[in-house]
Amino acid sequence: MKKIILLLFIICFISTNAQEIQRYININGTSELIRDADLIDFTIEIKTIDESVEKSKKTNDNNLEELLEVLKTFGISSEDIIVSPISLGKNFEYNDRERQQIQKGFFVELEVSFLLRDLTKYYALTNKLATSNDFAIIRSNYGISDYELQHKIAYENALKAAKEKAEYMSKTLGVNLGDVLEIDENNLWQSYPNPTNTITMESSQGGNISGKVTIRRSIRVKIAIN
């Protein structure tokens, strides 16, 4: 038993020393792509408050049909439209005099998300939506239709940047690069699931709108040096 413990101790000691003498460098490679947006992602809220759930839902259903008809008129494909499940319940409002919340009717609400791929229709569409008090645009962001491809290119560029940095650093220090030991995404640059949007609206005589989408990626690479 003592021999087994001694053998395990020797193996751990050798392994620890091997790790300690392993020399390496950590490199961060970054990439930033700026692309012209070719679509806008809208999210619209439809909320109705009435004296009963039945009336509230019926009105909400009618408003939804009206919105879908508007989107169809502007050539937006049903494949680019997502309607959320409804939420419903008691509606409460704050009473300043009594300093408490009191129930006033029932609410029904849902969200409709859609993609506007023809940016020349932006002003006409938003003007049409603005004529109704039943719709509220709660979010809108520029996007690009080939995001997955640009996402891949950004990663490739970040890896190339890391490789180039490692090569000139090792050459300057007079050492040789060995195997790649680790590759990690830099969480600081990956804090958002969607690309960071830089909105630069430019109206022209034709009523067009334009914007930029910035995709940033950062990679950490650990490389052995000899």
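For region 167-178, the Karplus equation 6.51 cos²θ - 1.76 cosθ + 1.60, evaluated at θ = phi - 60°, returns couplings of 5, 6, 5, 5, 5, 5, 8, x, 10, 9, 7, x Hz by residue, with Gly and Pro reported as x.
Rounded to whole numbers, the Karplus 3J(HN,Hα) couplings from phi for region 59-65 are 5, 5, 4, 5, 5, 5, 4 Hz, using 6.51 cos²θ - 1.76 cosθ + 1.60 with θ = phi - 60°, and x at Gly and Pro.
Distance from the alpha carbon centroid of region 97-155 to that of region 24-43 works out to 23 angstrom.
According to the square roots a ≥ b ≥ c of the eigenvalues of the Cα gyration tensor, what is the shape class of region 20-77, taking rounded for a/c under 1.5, prolate for a/b larger than b/c otherwise, and oblate for the remainder? Oblate shape, in that a/c is at least 1.5 and b/c is the bigger or equal ratio.
Please tell me the relative contact order of region 15-132 in percent, rounded to the nearest whole number, where contacts are Cα pairs under 8 Å and at least six residues apart.
On the way: 142 pairs, mean separation 40.7, N = 118.
Contact order relative to length: 34 percent.
Candidate cross-link partners of Lys121 among the lysines, defined by an alpha-carbon separation under 16 Å and a same-chain spacing of 8 or more, comprise Lys72. Positive contributions from Lys and Arg (+1) and negative ones from Asp and Glu (-1), summed over other residues with Cβ under 15 Å from the Cβ of Leu39, come out at -3.
For region 80-86, putting each phi into the Karplus relation 6.51 cos²θ - 1.76 cosθ + 1.60 with θ = phi - 60° gives couplings of 9, 10, 10, 10, 6, x, 7 Hz, in residue order, rounded to whole numbers and with x for Gly and Pro.
Read-outs throughout are calculated quantities, based only on the coordinates presented, and are distinct from any laboratory measurement. Treat the numbers as computed from the prediction; the structure is a model and nothing was measured. Cβ: placed from backbone, ideal geometry, glycine included. Neighbour counts: every protein chain shown.
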